[in-house]
1. Sticking to Cα atoms, compute the Rg of segment 37-95 to one decimal and its Dmax as the biggest Cα-Cα distance, whole number, in Å.
2. Just to be sure I understand: of the beta bridges DSSP finds with both ends in the chain, what percent are antiparallel, rounded to 5?
3. Which of the helices in the chain, when you take each full DSSP H run, stretch at least 15 Å along the axis at their Cα atoms and have an average Kyte-Doolittle score of -1.0 or higher?
4. Taking all pairs of different Cα atoms in segment 228-276, averaging 1/r and flipping that mean, what Kirkwood radius in angstroms comes out?
5. Report the accessible area of GLU199, computed with a 1.4 Å probe over the heavy atoms of all protein chains in place, in Å² rounded to the nearest 10.
6. How big is segment 1-45 by Rg and Dmax over its Cα atoms, in Å?
7. Considering just Cα atoms, how many Å³ per residue does the convex hull of the chain enclose?
8. Could you please report the charge total around PRO2, scoring K, R as +1 and D, E as -1 over all other residues with beta-carbon less than 11 angstrom from its beta-carbon?
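The values are calculated or read from the model by the stated rules, or taken from the named source; none is laboratory data. Please read all numbers here as calculations on a predicted model, not as lab measurements. Every residue, glycine among them, receives a Cβ derived from its backbone with ideal geometry; neighbour counts consider all protein chains shown. Areas reflect the complete protein model, heavy atoms only, side chains present, ligands, DNA and RNA absent. Shrake-Rupley method; radii C 1.70, N 1.55, O 1.52, S 1.80 Å.
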Amino acid sequence: RPFQFELLATDIASGARRGRMSTARGGVETPAFMPVGTQATVKTLLPQEVRATGAQIILANTYHLMLRPGLETLVAAGGLHRFMGWDGPILTDSGGFQIFSLAGNVRVRENGVTFRSHIDGSHRELTPELAVGMQLGWGSDIVMALDHLIGLPADPTAVRDATDRTHRWLARCIDAFADQGGEEHAALFGICQGGMDPELRRESTAAIASAAVAGCAIGGLSVGEPKPVMAEMLDLIAEILPVEKPRYLMGVGSPEDLWMGVARGVDLFDCVLPTR
């Protein structure tokens, strides 16, 4: 199997964990921070300079790669790793974050999302199946399921609707991943949502915990809520998440947030802060 996670130690007092992820392109000692290479480059740094920081895995962005340079170019270049000049593991997000960050240019339907490109105004469709297919196509080591992230504050009905859709989309991502032989090359992670509603957050975490995924991501935090609320949400779900799977807190990267997350059992983080 190309992906495995081994839990090496857990701090009884806090729940902080130390582990090791194994991928086809090398191992990652956790907890780990993933530098963000949005458009297939970690801005201002050469790959060997990224490696020299101690980074073992980096993140690239499906929405931006889909627009530029596009799947065809990446495949023709020999895949994302060769295109970037990075031989270690790469996690790619699914485009779900852009549903939130580019909300003015987005239309969400049950089948998927239609984006109006911020580059040339063209309309681009992203479905759970396309998100998985593109990530596998350019050779991601960790593939993220497409989720529906909405900004806060939001109407509770809208948060519930987006969370339920995230679960339905996850089922489609799991099927697409299996249909395309994803397990031979990569790992699929699911994403829990639920906003800041404790019950909904627990419910979503339980849905991800029971799904056929290799890792569990925590989405919908670090979107403007107060820091203590983020910590509260992590405390709520710590016991629900499977002990044997890696836990990834999406979009979190300030030093104090890293300490806070590690102390609550999080294994992976990413953020654009350092490269910004």
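1. 10.9, 31
2. Here the antiparallel bridges make up roughly 45 percent for the chain.
3. Both cut-offs are met by 156-179, 198-209, 227-237.
4. The Cα-based Kirkwood calculation yields 11.3 Å.
5. In the full protein context, GLU199 sits at about 120 Å².
6. In Å, with Rg to one decimal and Dmax whole: 14.0, 40.
7. 119
8. Overall, the nearby charge balance is -1.
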